[in-house]
Amino acid sequence: MILVFFILYFLQINFFNWFNIAGVKPNLFIVLILCMGLFMGKNIAIPFGFICGIYLDILTGKQIGISSIMYATIGLLGGYFDKNFSKDSKITILLMVAGTTALFEVAVYIYNIARNLIPLQLLGFTKILLIEVVFNILLTIILYPLIRKSGYFLESTFKKRKFLTRYF
Amino acid sequence: MSKNRKSTVVGIIITSLILIFLVVISNAKIEKISQIGNPFTGFVNNIQNGMVYLKNKIAGNQSFFINVDEVRQENEKLKKENSELQQSLRELEIVKAENATLKEYVNLTDKYSEYTTHPADVIQMDISNYSKTIIINVGKKDGIDVNMTVISDKGLVGHVISVTDDTAKVQTIIDTSSTVTSTISTTRDSIVVRGEIDSDNEIRATFIPTEANVLEGDTVETSGIGGIYPKGIHIGTIKSVVNTKNITNRYAIIETAVDFSRLETVLVITN
């Protein structure tokens, strides 16, 4: 997972700097941590999201904290979705990605506005957010078979014990 | 089962194509789009030429009776001349590009000779869509510290917000959290410029004095107030002035002198 994180990091700073839609990049970390929550459980996704958030804030952010809290929240939501929704439905996964992307960016933006006392630029923000959500959805559609295959493999590895305690 | 797999593969291919299409279209410049349109316009224009030819012939236009051989020879001659000219133009363009690069390096240090500067390369852009920070390859070891001003040969880039031993994080002036107190060069009126969330080459000038006469094309430079940026560093040119019902709320859009999408070399003012 750490290797996947670094691959995504270098994709974000290099590849998506030119492969973007109207200058807007996707946020693949959200997809990664959501999938971790879904397939590996919240106990792994929450700390992983939190550490990734702090690491990203240190590397590129202007303040430390908000990203880590939000990535951890996405890990928690992944665990919650796992219990309440089917992972076999592609549409459900896409809706989860869209929802968590919007939630993450809105929370980070509101925090930035409050902390730095910057004026709200609602139109510009909404435009970027919509493109980012669409970008994340399109990439999830493309990566879905890979996510599903590796997800079930990880689930069988990490949730083996849970099945035993849950059903026996 | 195999039908399902087939439809999944088709779905992935279609989605990939849609994504590539969106990326290409959203980043393409109008000149490039018109080049792609060449075959289509060519088709229409050829038919149109034929129609005009017919129309002229019917109208008995005298120009169609000129010697065709003579025209062909002249055409060949002109084609040859054209290719020679294009060759020399290409050579000139190469020389021009080399000259521009050399000039940039010389200007960079000459223009701001009053300051002690340290050159640096931009090694990373921000991963987020909402903040515009950059990382440069100089740090504490090179004498870089927080709040030092960063410039390029064209003008102001931003200031250092954090520093490690080998790298420094720079908040650019196009970041929404960035505010720079500036003056309009011609009228010497004080304004505050702030980054726009959805633009990489435009910033907004606010707090324009009510009596100030702001004109498109006026240049804007740092005022030196605020304690971070030295006085007189070029920021950009006023692109448009937006008047509101309440004159105190009017603002201007400034086109930054620095092209942040192509920023590669910067200077950090260390004194």
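Take A:A45 and decide whether it is aliphatic (A, V, I, L, M) and at pLDDT 90 or above.
Working: aliphatic (A, V, I, L, M): yes; at pLDDT 90 or above: no.
So A:A45 fails the test.
Screening the candidates A:L59, A:L28 for the property of being closer than 21 Å to B:Y130 by Cα, buried (at least 19 other Cβ atoms within 10 Å of the Cβ) and either basic (K, R) or within 14 Å of chain B (Cβ to nearest Cβ) (or both) yields one hit, A:L28.
Do we find that A:I93 is assigned to a helix (DSSP H, G or I), within 26 Å of B:I18 (Cβ to Cβ) and aliphatic (A, V, I, L, M) in this structure? Here the answer is yes, as A:I93 does meet what is asked. The residues of segment B:236-250 that are farther than 15 Å from B:I203 by Cβ and either in a loop (DSSP other than H, G, I, E, B) or in contact (Cβ under 8 Å) with a residue 40 or more places away in the chain (or both), listed by number, are B:N243, B:T244, B:K245, B:N246, B:R250. In summary, A:N17 fulfils each of the numbered conditions (1) within 12 Å of chain B (Cβ to nearest Cβ); (2) surrounded by 21 or more Cβ atoms within 10 Å (Cβ to Cβ); (3) in a helix (DSSP H, G or I) with the single exception of condition (2). Return a yes/no flag: does segment A:141-164 have any residue that is within 26 Å of B:S131 (Cα to Cα) and at pLDDT 80 or above. Scanning segment A:141-164 turns up no residue that is within 26 Å of B:S131 (Cα to Cα) and at pLDDT 80 or above.
Listed by first and then second residue, the pairs linking a residue in segment A:98-124 that is more than 8 Å from chain B (Cβ to nearest Cβ) and surrounded by 15 or more Cβ atoms within 10 Å (Cβ to Cβ) to a residue that is among the charged types (D, E, K, R) and assigned to a helix (DSSP H, G or I), with Cβ atoms under 9 Å apart and 6 or more places separating them unless they lie on different chains, are A:T101/A:E132; A:A102/A:E132.
Is it the case that A:I64 is among the aliphatic types (A, V, I, L, M) and part of a helix (DSSP H, G or I)?
For A:I64, the condition - among the aliphatic types (A, V, I, L, M) and part of a helix (DSSP H, G or I) - is not met.
Within segment B:141-162, the presence of at least one residue that is among the basic types (K, R) and touching a residue at least 60 places away in the same chain (Cβ under 8 Å) is confirmed.
Given the condition more than 30 Å from B:T179 (Cα to Cα) and either assigned to a helix (DSSP H, G or I) or modelled with pLDDT under 80 (or both), answer yes or no: does some residue in segment A:107-120 qualify? No, there is no match, as no residue in segment A:107-120 is more than 30 Å from B:T179 (Cα to Cα) and either assigned to a helix (DSSP H, G or I) or modelled with pLDDT under 80 (or both).
Put simply, of B:T222, B:T210, B:T183 the only residue that is in contact with a strand residue (DSSP E or B) (Cβ under 9 Å, 6 or more places away or on another chain) and either surrounded by fewer than 22 Cβ atoms within 10 Å (Cβ to Cβ) or within 22 Å of A:I128 (Cβ to Cβ) (or both) is B:T183.
Under the condition of being within 15 Å of B:H159 (Cβ to Cβ) and within 14 Å of chain A (Cβ to nearest Cβ), the residues counted in segment B:177-192 number 4.
With the structure loaded, tell me whether B:G50 is modelled with pLDDT of 85 or more and small (G, A, S) or whether it fails that test.
Details: modelled with pLDDT of 85 or more: no; small (G, A, S): yes.
No: the conditions fail for B:G50.
Residues that are at pLDDT 85 or above, under 30 Å from A:T126 (Cα atoms) and either outside the structural domain of B:I161 (by TED's automatic domain parsing) or part of a loop (DSSP other than H, G, I, E, B) (or both) within segment B:202-235 comprise B:F207, B:I208, listed in sequence order.
Residues that are hydrophobic (A, V, I, L, M, F, W, C) and surrounded by 18 or more Cβ atoms within 10 Å (Cβ to Cβ) occur at least once in segment B:234-244.
The values are calculated or read from the model by the stated rules, or taken from the named source; none is laboratory data. A quick note: this is a predicted structure, and the numbers were derived from the prediction, not measured. Glycine gets a Cβ as well: all are built from the backbone with ideal geometry, and neighbour counts include every protein chain shown.
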